[in-house]
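Below you'll find the structure, written out as structure tokens, and then a few comments.
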Amino acid sequence: KAGVTQTPRYLIKTRGQQVTLSCSPISGHRSVSWYQQTPGQGLQFLFEYFSETQRNKGNFPGRFSGRQFSNSRSEMNVSTLELGDSALYLCASSPSSSTPLTDTQYFGPGTRLTVL
Amino acid sequence: AQSVTQPDIHITVSEGASLELRCNYSYGATPYLFWYVQSPGQGLQLLLKYFSGDTLVQGIKGFEAEFKRSQSSFNLRKPSVHWSDAAEYFCAVGADYGGATNKLIFGTGTLLAVQP
């Protein structure tokens, strides 16, 4: 099976712009989670989608949003970019059983976003 | 609130030496615990996980971890380190939302360097 793919791998934007990142989960996986990784804050949960519904959301401003499509592919959007949004954005997919925490989450390589 | 502490930011060991990476968690009930590894430019890979049962958990790449409730710890060990083990290691606990999410709370990570 192909792993989790994220596009693009690298992105450079300027302050005030918006950006859309894409994540294709492993075939058959229905849950997609997003994490932000920065040197200062570490790995922080952004949101999780399951069957096109947001199941959980982290403590991020409303500029961060996401969605999931019927084929389980997910996108996240950041509007009005700030310098502090520079980070590695990781996507993870899992099968999502009745007990999600017991599922193994498979992470993609991430999208490196640089905001100038 | 749940939290994870990895006291060691950076550890250097010699190839062939044993390794122990520390992880302490804060959680009232029996936690869901995980260890992930991240190589440079890569996403996270699950090494092992603990939910219940035997407190000594075996993982991939020769790693094991022991859950100690009395010490709120879940330390990762390997008897003999290989140069390819150089990476960053993250301990994580599953967030408790009644089992309806697979959100993970990560520690700040331990960067492992391996000397020849």
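Residue-wise test of (1) of a type outside the set (D, E, K, R); (2) under 12 Å from B:Lys103 (Cα atoms); (3) without any contact (Cβ under 8 Å) to a residue 12 or more places away in the chain.
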{"residue": "A:Thr5", "(1), (2), (3)": "yes, no, no"}
{"residue": "A:Gly16", "(1), (2), (3)": "yes, no, no"}
{"residue": "A:Thr20", "(1), (2), (3)": "yes, no, no"}
{"residue": "A:Ile26", "(1), (2), (3)": "yes, no, no"}
{"residue": "A:His29", "(1), (2), (3)": "yes, no, no"}
{"residue": "A:Trp34", "(1), (2), (3)": "yes, yes, no"}
{"residue": "A:Leu43", "(1), (2), (3)": "yes, yes, no"}
{"residue": "A:Glu48", "(1), (2), (3)": "no, yes, no"}
{"residue": "A:Lys57", "(1), (2), (3)": "no, yes, yes"}
Within the range A:61-86, of all residues that are of a type in the set (Gly, Ala, Ser) and out of contact with any Leu (no Cβ under 8 Å at 6 or more places or on another chain), the one farthest from the other protein chains (Cβ to nearest Cβ) is A:Ser79
Residues in the range A:92-111 that are at the interface with chain B (Cβ under 9 Å from one of its Cβ atoms) and over 17 Å from B:Lys49 (Cα atoms) total 4
The residue that is least open to solvent (accessible area, probe 1.4 Å), considering only those in the range B:25-39 that are within 11 Å of another protein chain (Cβ to nearest Cβ) and outside any strand (DSSP E or B), is B:Pro31
Practice item. Would you mind stating whether A:Tyr89 is touching a residue at least 60 places away in the same chain (Cβ under 8 Å) and either open to solvent by less than 30 Å² (accessible area, probe 1.4 Å) or away from chain B (no Cβ under 11 Å) (or both)? Key: yes
A careful count of residues in the range A:1-17 that are open to solvent by less than 70 Å² (accessible area, probe 1.4 Å), in a strand (DSSP E or B) and over 21 Å from A:Ser31 (Cα atoms) gives 2
Of A:Tyr49, A:Tyr35, the only residue that is more than 9 Å from every other protein chain (Cβ to nearest Cβ) and part of a strand (DSSP E or B) is A:Tyr49
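The values are calculated or read from the model by the stated rules, or taken from the named source; none is laboratory data. Values in this document were obtained by computation on a predicted structure and should not be read as measured data. Because the Cβ atoms are built from the backbone with ideal geometry, glycine has one as well, and the counts that use them run over all protein chains shown. Remember, those area values only see protein heavy atoms, side chains included, never the ligands or the DNA or RNA. Shrake-Rupley method; radii C 1.70, N 1.55, O 1.52, S 1.80 Å.
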